[in-house]
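Novice: Next up is a structure, given as structure tokens.
The values are calculated or read from the model by the stated rules, or taken from the named source; none is laboratory data. As the structure is a computational prediction, the values presented were derived from the model and not from experiment. Note: ideal-geometry Cβ built from the backbone for every residue, glycine included; neighbour counts use all protein chains shown.
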Amino acid sequence: MNIIDLDTSSVRELNARLHGEGGADAPDEWRVLNPHGKHSLAVGLDAAHKVSIEGHAGYYCGGMNKEAEITVKGQCGKGLAENIMSGTVRVEGNAADAVGASGRGGLIVIEGDASSRCGISMKGVDIVVKGSVGHMSGFMAQAGHLVVCGDADDDLGDSIYEAAIYVRGDTGALGADCIEKEMRPEHAETLEQLLERAGMAYDVSAFRRFGSARKLYNFDVDNAGNY
């Protein structure tokens with residue numbers, strides 16, 4: 001177990017050590033103490049490290065993650081796990097806006113609530129939120145899954161492409177080109193697997209599925225006001 005105390009070490013030193021020690025064939029376990037909301041913690045990892053951040057994290061924690069398993073034992077600022085490629089990033093509290101922005105793979109779990117634009121422009125990442133999400137979540141989401149076990153605010157799935165959104169609670173006004181879709185057995189199976197991976201036990205029959213109406217794929221002057 002490697003322990004780094006950010007009261008005595010800098011974020012630059014933390015990330016340098018995470019990048020310089022171990023590797024995909026020799027993953028290490030790390031405890032990060034006293035993060036005090038500092039930004040850019042554990043970014044750009046390219047090894048199957050297990051990193052426990054024991055406190056609140058600031059902006060862009062776990063960005064560009066590949067292979068690593070990162071846990072934040074507190075709240076997290078904006079841009080959590082942006083452009084994640086693989087691995088897992090879990091927040092035991094709430095997360096600010098733009099969770100998983102442009103994420104291409106891996107799993108993000110928020111055990112509290114997530115703010116606005118959760119899953120913006122997601123490109124294959126899976127995001128599971130135990131609580132609720134803010135407005136414009138799933139905006140321009142291209143691929144992957146966004147699971148919301150609570151409520152979703154207005155403009156959910158605005159300009160969505162082929163990502164799938166599952167919501168257990170209430171939704172506000174849906175975004176442009178986002179509609180409710182039929183929940184078929186294969187979708188219920190996918191949802192059940194996502195909840196199991198996230199460590200959450202919910203009845204999948206309580207969820208609704210949302211996706212693209214596919215009316216904005218090509219420009220149409222009749223839809224000009226929606227672009």
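Novice: Out of segment 68-114, which residues are outside any loop (DSSP other than H, G, I, E, B), of a type outside the set (A, V, I, L, M) and out of contact with any Ser or Thr (no Cβ under 6 Å at 6 or more places or on another chain)?
Specialist: Initially, segment 68-114 is screened for residues outside any loop (DSSP other than H, G, I, E, B), giving 69-72, 76, 88-91, 95, 107-110, 114.
From what's left, of a type outside the set (A, V, I, L, M): 69, 71, 76, 88, 90.
C76, T88 - these are the residues of segment 68-114 that are outside any loop (DSSP other than H, G, I, E, B), of a type outside the set (A, V, I, L, M) and out of contact with any Ser or Thr (no Cβ under 6 Å at 6 or more places or on another chain).
Novice: Out of G199, G169, I need the residue that is surrounded by 15 or more Cβ atoms within 10 Å (Cβ to Cβ), among the small types (G, A, S) and at pLDDT 95 or above. Which one? Show your work before the answer.
Specialist: Details: G199 fails: surrounded by 15 or more Cβ atoms within 10 Å (Cβ to Cβ).
Matching residue, one of G199, G169: G169.
Novice: Still on this structure, please answer the following. Tell me, which residue of segment 31-90 that is buried (at least 19 other Cβ atoms within 10 Å of the Cβ) and acidic (D, E) is farthest from the chain's Cα centre (by Cα)?
Specialist: Among those residues, the one meeting the criterion is E69.
Novice: For segment 210-224, state whether one or more residues are among the polar types (S, T, N, Q) and either touching a residue at least 60 places away in the same chain (Cβ under 8 Å) or under 18 Å from D97 (Cα atoms) (or both). Lay out the reasoning, then the answer.
Specialist: Residues of segment 210-224 among the polar types (S, T, N, Q): 212, 218, 223.
Next cut, either touching a residue at least 60 places away in the same chain (Cβ under 8 Å) or under 18 Å from D97 (Cα atoms) (or both) only: none.
No, the conditions are met nowhere in segment 210-224.
Here's the yes/no breakdown for (1) out of contact with any helix residue (DSSP H, G or I) (no Cβ under 7 Å at 6 or more places or on another chain); (2) part of a loop (DSSP other than H, G, I, E, B); (3) crowded, with 23+ Cβ neighbours inside 10 Å:
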residue: I127; (1), (2), (3): yes, no, yes
residue: G131; (1), (2), (3): yes, yes, no
residue: H135; (1), (2), (3): yes, yes, no
residue: F139; (1), (2), (3): yes, yes, yes
residue: G150; (1), (2), (3): yes, yes, no
residue: D154; (1), (2), (3): yes, yes, no
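Novice: I've got another one for you. Kindly provide the set of residues from segment 144-155 that are closer than 11 Å to C118 by Cβ and within 15 Å of the chain's Cα centre (by Cα), ordered by number.
Specialist: If the condition is that a residue be closer than 11 Å to C118 by Cβ and within 15 Å of the chain's Cα centre (by Cα), then L146, V147, V148, A152 are the ones that fit.
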